[in-house]
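Peer 1: Starting off with a structure, shown below.
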Amino acid sequence: MRCDACGTMNKDTSRFCLYCGASLTTIGAETAPPTSTPAPPAPTPPIPRAAPLRPVYVPRPRYPDYVALFGVAFFLLVLGIVFYLNGNLLTELRRWWDQVLAGRGAFRPPEGVIVSAGLFWGLLGVSNFGIAFLRWLFTRSRIRTLGALLGGIAMVMFSYFLYRYSLRDMSGSIVVALEAGVIAVLLFVYIGAGLYWTTPRYRPALQGVYRTPRP
């Protein structure tokens, strides 16, 4: 507080001037400039969240299946071998077809047709083993290799059943029933292996179940 009489600066709580003794009650005190309160900081805008990235489908490159061409070549080769070993095969097939048209298709086919059919399916099954080897060698596809291998097993088994049928050790109904059973078992193996190889997310759970010690 400044004294108007002598200009001496006094404390704000003083009632008289310390230098001249003048009363400070009627003296206007210097008003201090109002202190400006700082404005609160502006809130920072929220950072926008990026949209979740969607998986982009990338098509797999397709390559020509040269192994299938080998399969066609093996099929034509087997067909040629069968017709070469049995020159009367077309005649016997025509005679059997005449029996089918006459309503006697349930009877036993000619022996040459049975032997040629057994040879055909046997050689075709062996060629499927070669196809399975080529698929594993060139493509490393387990599911296709397994399919060719199981197909070869089914053909070889059918050839064996036809051989037993030609020896009259089996009837036609037994051959059909046995071959259907073989195909069912091989199909079960193929589906089970395919599901195990194509669903890797279920493997840790299954392994944990099998590895958990039983009480």
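The values are calculated or read from the model by the stated rules, or taken from the named source; none is laboratory data. All values derive from a computational prediction rather than experimental measurement. Here the Cβ is made from the backbone with ideal geometry for all residues, glycine too, and neighbour counts use every protein chain on show.
Peer 1: So, in the stretch 67-97, exactly how many residues are touching a Lys or Arg at 6+ places or on another chain (Cβ under 9 Å) and exposed (fewer than 12 other Cβ atoms within 10 Å of the Cβ)?
Peer 2: Total satisfying the criteria: 0.
Peer 1: Moving on to the next point. For Gly181, state whether it is in the same structural domain as Leu146 (by TED's automatic domain parsing) and in contact (Cβ under 8 Å) with a residue 60 or more places away in the chain.
Peer 2: It is false that Gly181 is in the same structural domain as Leu146 (by TED's automatic domain parsing) and in contact (Cβ under 8 Å) with a residue 60 or more places away in the chain.
Peer 1: I'd like to verify a number: residues in the stretch 21-31 that are modelled with pLDDT of 70 or more and either more than 9 Å from Cys3 (Cα to Cα) or not assigned by TED's automatic domain parsing to the domain that holds Met1 (or both), how many?
Peer 2: Going through the stretch 21-31 one residue at a time, the tally reaches 1.
Peer 1: Quick check on my filter: what residues within the stretch 161-215 are among the small types (Gly, Ala, Ser) and either at pLDDT below 90 or surrounded by 15 or more Cβ atoms within 10 Å (Cβ to Cβ) (or both)?
Peer 2: Ser166, Ser171, Gly172, Ser173, Gly192, Ala193, Gly194, Ala205, Gly208, listed by residue number.
Peer 1: Still on this structure: Please verify whether the stretch 147-160 includes one or more residues that are surrounded by 15 or more Cβ atoms within 10 Å (Cβ to Cβ), of a type outside the set (Lys, Arg), free of Cβ contacts under 8 Å to residues at least 40 places away in the same chain and not in a helix (DSSP H, G or I).
Peer 2: no
Peer 1: While we're here: Is it fair to say Ser127 is at pLDDT below 90 and closer than 30 Å to Arg95 by Cβ?
Peer 2: So Ser127 fails the test.
Peer 1: Sticking with this structure for a sec: Taking Val78 as the residue in question, decide whether it is in contact with a Leu (Cβ under 6 Å, 6 or more places away or on another chain), within 28 Å of Val189 (Cβ to Cβ), at pLDDT below 80 and not acidic (Asp, Glu).
Peer 2: No.
Peer 1: Going by what's in this entry, would Arg135 be described as charged (D, E, K, R), buried (at least 19 other Cβ atoms within 10 Å of the Cβ), in contact (Cβ under 8 Å) with a residue 12 or more places away in the chain and within 21 Å of Ile191 (Cβ to Cβ)?
Peer 2: Against the criterion (charged (D, E, K, R), buried (at least 19 other Cβ atoms within 10 Å of the Cβ), in contact (Cβ under 8 Å) with a residue 12 or more places away in the chain and within 21 Å of Ile191 (Cβ to Cβ)), Arg135 qualifies.
Peer 1: Condition (residue is at pLDDT 90 or above and either aromatic (Phe, Trp, Tyr) or farther than 27 Å from Val67 by Cβ (or both)) applied to the stretch 137-157: is it met by at least one residue?
Peer 2: no
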